[in-house]
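These notes concern the structure reproduced below.
The values are calculated or read from the model by the stated rules, or taken from the named source; none is laboratory data. Since we're looking at a predicted model, the values are computed, not measured. All Cβ positions, glycine included, derive from the backbone under ideal geometry; neighbour counts span all protein chains shown. Accessible surface is based on the protein model in full, side chains and every heavy atom, while ligands, DNA and RNA are left aside. Shrake-Rupley method; radii C 1.70, N 1.55, O 1.52, S 1.80 Å.
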Amino acid sequence: AAGTAFNGILCTAAGGYLVERLPDCSPETMSKMESNLATLVKMDGGEALPTNLLLEGKTPVDIAEVLLDGLGFTPLDSLEPQVWCECSEEKLFRSLRLLPREEVDTILKEEGKIEARCQFCGTVYRMSPQDVEKRFSKATGDPSKDADFES
């Protein structure tokens, strides 16, 4: 089962689980799993299981505990997801170096600065004409080769 919930364009909950019957599964285990699934459906009360449970603050471990109740469930580990982005001002400058210098100069003349926003994390980077000139004067290596670039 998988489900999502949206508030406008904002995703407020997304999750799911997969239950697969293995070849050596006993009828008793299957019966217990069916009973646990029925309990989970009743707890959720909605049509897009497990969306309501997630909106209520239930975690994947909470859902697994219900699904595997009476079947010897023991969580092995848990981790908190984190947003992590490798963007940097250095990577922005590397991209600038891939453009013809005339194009960079035209942008600086028309905009008065270089500005870029990371599409992943949203960080905005700005470079003044002086910053750009200083970086170009110190630049070494080939920006098109990863081996010549250190982040």
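Things worth noting here:
- Residue-level accessible surface for Met43, protein heavy atoms, 1.4 Å, Å²: 80 Å²
- Among Cys118, Cys11, the order of accessible area from largest down is Cys11, Cys118, computed with a 1.4 Å probe on protein heavy atoms.
- In the chain, the longest principal axis of the Cα atoms and the axis of helix 27-44 are about 60 degrees apart.
- The reciprocal of the average 1/r between distinct C-alpha atoms defines the Kirkwood hydrodynamic radius, which for the range 61-144 equals 16.5 Å.
- When Rg and the Kirkwood radius Rh are both evaluated on Cα atoms of the range 15-97, their ratio Rg/Rh stands at 1.25.
- Solvent accessible area, Å² - Ile63, 1.4 Å probe, full protein context: 10 Å²
- Degrees separating the helix 129-138 axis from the principal Cα axis of the chain, which is the longest one: 90 degrees
- Per-residue ellipticity at 222 nm computed for the chain from its helices equals -12000 deg cm²/dmol, with DSSP H segments shorter than 4 residues left out and the rest contributing -39,500 (n - 2.57).
- Glu20 accessible area, assembled protein chains, probe 1.4 Å, Å²: 130 Å²
- Pairs of Lys in the chain closer than 22 Å at Cα, counting only those 8 or more apart or on different chains: 13
- Against the chain, whose longest principal axis is taken from its Cα atoms, helix 89-98 shows a tilt of about 60°.
- The chain: equivalent-ellipsoid semi-axes (sqrt of 5 x gyration tensor eigenvalues, Cα, Å): 54, 19, 12
- Contour minus Cα-Cα distance for Val61 and Gln82 (0.36 nm per residue): 5.8 nm
- FRET efficiency, 1/(1 + (r/R0)^6) with R0 41 Å, evaluated for Ala5 and Met30 via beta carbons: 0.85
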